[in-house]
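Chemist: The structure follows.
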Amino acid sequence: MTTKSMLPNILKYSIDKKASDIHISGWEPLTYRIKKKLYTMDSAGIIETESMKLILHALMHDDQERINNFVKNKDVDFAYQHESGTSFRVNAFYKMWRLAFVLRRIESEPLAFDQLWLPEWVSKFLTEKQWLILVTWPTGSWKSTTMVSILNEINRMRSEHILTIEDPIEFVFKGDKSIFSQREVWNDTHSFTSALRWAVREDPDIIMIWEMRDKETVEAAMDLAETGHLVISTMHTAWSVETITRLVNFFPTDIQNSVRYKLGDILSWVLSQRLIQKADKSWIVGMFELMHMTTWIKWLIREGELIQIKQNIEMWAKDWMILMKKHAEDLESKWIINKEDYIDFFQDEL
């Protein structure tokens, strides 16, 4: 391929093959992640330094100021749209002094709940008017896909002002019954903290925070949830218990007790999700753990008895909760996934 056509062709191939991620690194061959597996294109050869520079310029639309800022800071997130209309989230960085990119494909339309195989009780999110909802799991688990789906369902059902704070903006919402104010960090606001500080002045009903990654963001989100707003965000934590522990540990030891009490008041749901291949290998689906703030779980959080939460979810599953292992077993019973594909993940429970 010619140098000029390199980036469009790389992206077109990923779209055609339904790749979720593209790895482009200097002096290495292209690698695509398709259905959770990595495929290296050795036959295409390595990408030389000059070609990497041209890809950088194409991704940043020859904006020399943005390019200079990246070279200075060494890493950056931003969005890029292919000529087909497909959007990608781009992370540009350096490794071993060489330029590298990872591009994640963004769905052009929100997936419906039934396409995500979400637990039926997630529909309860759509009627929430206040408090804090968290979608969790480490990178690559479709947290943002789930969050976009939830907001789009609310958009179809309710008249709300939905404020989003994102880095970068990946999916552009189209107002239906709701209106959206989407703000991108760096372009529309200096930081998550700054945007959250002013959020209450912007008359929001629902505030979506792309990720809770530091104490200031967590503290602001908790305050907004306490003052009558519905706050939806993500965290890079695995389970409900780990999520609560991480939230508490953002704060100094001497105030962690009061933080637990506040969480007991404002946390409403934690949805944890992990991707797994379907039984027929045609696509991937999610396995989910769903925790709802029952009276007992509130008490366990306030008392710091977090180790008992998992048992409580299992005991009170009828109260709109489910453990991930049980959800996986339900998917297996419907022939959606195979036991051998998830059994090792729950080995300590079998």
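Chemist: Percent of alpha carbon pairs in segment 65-146 separated by more than 15 Å?
Modeler: Values: 2366 of 3321 pairs.
Tail of P(r) above 15 Å: 71 percent of Cα pairs.
Chemist: Taking the Cα centre of the chain as origin, sum charge times position over the Cβ atoms of Lys and Arg (+1) and Asp and Glu (-1), and report the length of that vector in debye to the nearest 20. Walk me through the intermediate numbers first.
Modeler: Working: 43 positive and 51 negative charges, 97 e Å.
It comes to approximately 460 debye.
Chemist: When only C-alpha pairs under 8 Å and at least 6 residues apart count, what is the relative contact order of the chain, in percent? Walk me through the numbers on the way to the answer.
Modeler: Numbers: 600 pairs, mean separation 45.5, N = 350.
Reported as a whole number, the value is 13 percent.
Chemist: Tell me what the chain gives for mean residue ellipticity at 222 nm when only DSSP H runs of n ≥ 4 count, each as -39,500 (n - 2.57), the sum divided by the residue total, rounded to 500 deg cm²/dmol.
Modeler: It lands at -10000 deg cm²/dmol.
Chemist: Taking K and R as +1 and D and E as -1, what net charge do the other residues with C-beta under 11 Å from the C-beta of Gly140 add up to?
Modeler: +4
Chemist: Across segment 275-350, how many lysine pairs, 8 or more apart or on two chains, come within less than 19 Å at their alpha-carbon atoms?
Modeler: Within segment 275-350, the lysine pair count is 16.
Chemist: While we're looking at this one, here's another question. Rounded to two decimals, what is the ratio between the C-alpha radius of gyration of segment 250-350 and 2.2 N^0.38 Å?
Modeler: Taking N as the residue count of segment 250-350, the ratio is 1.28.
Chemist: Please enumerate, by chain and number, the lysines with C-alpha under 22 Å from the C-alpha of Lys12, excluding those fewer than 8 residues away in the same chain.
Modeler: Answer for Lys12, where 22 Å is the Cα cut-off: Lys4, Lys35, Lys36, Lys37, Lys53, listed by chain and number.
Chemist: Under 12 Å from the Cβ of Ala195, count the other residues' Cβ atoms, weight Lys and Arg +1, Asp and Glu -1, and hand me the total.
Modeler: On the way: positive: Arg183, Arg197, Arg201; negative: Glu166, Asp167, Glu184, Asp188, Glu202, Glu216.
Result for the local shell: -3.
Chemist: Of the listed values (i) 28.4, 112; (ii) 20.2, 64; (iii) 21.3, 63, grab the one calculated as Rg and Dmax of the Cα atoms in Å from the structure here.
Modeler: Among (i) 28.4, 112; (ii) 20.2, 64; (iii) 21.3, 63, the one calculated here is (iii).
Chemist: Using the Cβ atoms and a cut-off under 9 Å, what net charge is assigned to the surroundings of Phe113, where Lys and Arg are +1 and Asp and Glu are -1? Don't skip to the answer; put the middle values down first.
Modeler: Working: positive: none; negative: Asp114, Glu120, Glu153.
Surrounding charge for Phe113 is -3.
Chemist: Specify the inter-centroid distance of segment 245-303 and segment 75-98, based on alpha-carbon positions, in whole Å.
Modeler: Using only Cα atoms, the two centres lie 30 Å from each other.
Chemist: May I pose another question? For the chain, with a Gaussian network of springs between Cα atoms less than 10 Å apart, report the residue from Thr253, Thr139, Thr234 with the top mean-square fluctuation.
Modeler: Comparing Thr253, Thr139, Thr234 in the GNM, the peak value goes to Thr253.
Chemist: Given Ser159, Met222, Ser191, which one lies farthest toward the positive end of the charge dipole of segment 109-226, if we put +1 on the Cβ of every Lys and Arg and -1 on the Cβ of every Asp and Glu?
Modeler: Of the listed residues, the answer is Ser159.
Chemist: Related question: Just the number, please: Stokes-Einstein D of segment 199-293 in µm²/s, Kirkwood Rh from C-alpha pairs, 20 °C, 1.002 mPa s. Please list the in-between numbers first.
Modeler: Values: Rh = 14.8 Å.
Answer from the Stokes-Einstein relation: 145 µm²/s.
Chemist: Report, to two decimal places, the Cα Rg of segment 1-91 normalised by 2.2 N^0.38 Å (N = number of residues). Display every interim value, and only then the final one.
Modeler: Details: Rg = 13.1 Å, N = 91, 2.2 N^0.38 = 12.2 Å.
The reported ratio for this selection is 1.07.
Chemist: Can I ask one more? Of the options Gln130, Gln308, Gly286, report the single residue whose Cα projects farthest towards the positive end of the charge dipole of segment 113-349 (beta-carbon charges: Lys, Arg +1; Asp, Glu -1).
Modeler: The one lying farthest along the dipole's positive direction is Gln130.
Chemist: Any chance you could get the radius of gyration and Dmax over the Cα atoms of segment 166-252, in Å?
Modeler: 13.4, 43
Chemist: Another question, if that's okay. Please work out the Cα center distance from segment 130-184 to segment 185-231, rounded to the nearest Å.
Modeler: 13
Chemist: How large is log10 of I(q)/I(0) for segment 228-277 at q = 0.18, 0.26, 0.27, 0.29 Å⁻¹ when the intensity is taken from the Debye formula with one equal scatterer per alpha-carbon?
Modeler: Here the Debye-derived log intensity ratios amount to -0.64, -1.13, -1.18, -1.26.
Chemist: In a Gaussian network model over the chain where Cα atoms closer than 10 Å are linked, find which of Met208, Met291, Met315 has the largest mean-square fluctuation.
Modeler: Met315
Chemist: By count of other Cβ within 10 Å, fewest leading, how are Asp114, Asp167 ordered? Walk me through the numbers on the way to the answer.
Modeler: On the way: Asp114 8, Asp167 22.
Lowest count first: Asp114, Asp167.
Chemist: Relative to the first principal axis of the alpha-carbon coordinates of the chain, what is the inclination of helix 143-157, with its axis defined by its Cα atoms, in degrees from 0 to 90 and to the nearest 10?
Modeler: Roughly 70 degrees between the two axes.
No value in this document is a laboratory result; all are computed from the given coordinates. As the structure is a computational prediction, the values presented were derived from the model and not from experiment. Methodologically, a virtual Cβ is constructed for each residue, glycine included, from the backbone with ideal geometry; neighbour enumeration extends over all protein chains shown.
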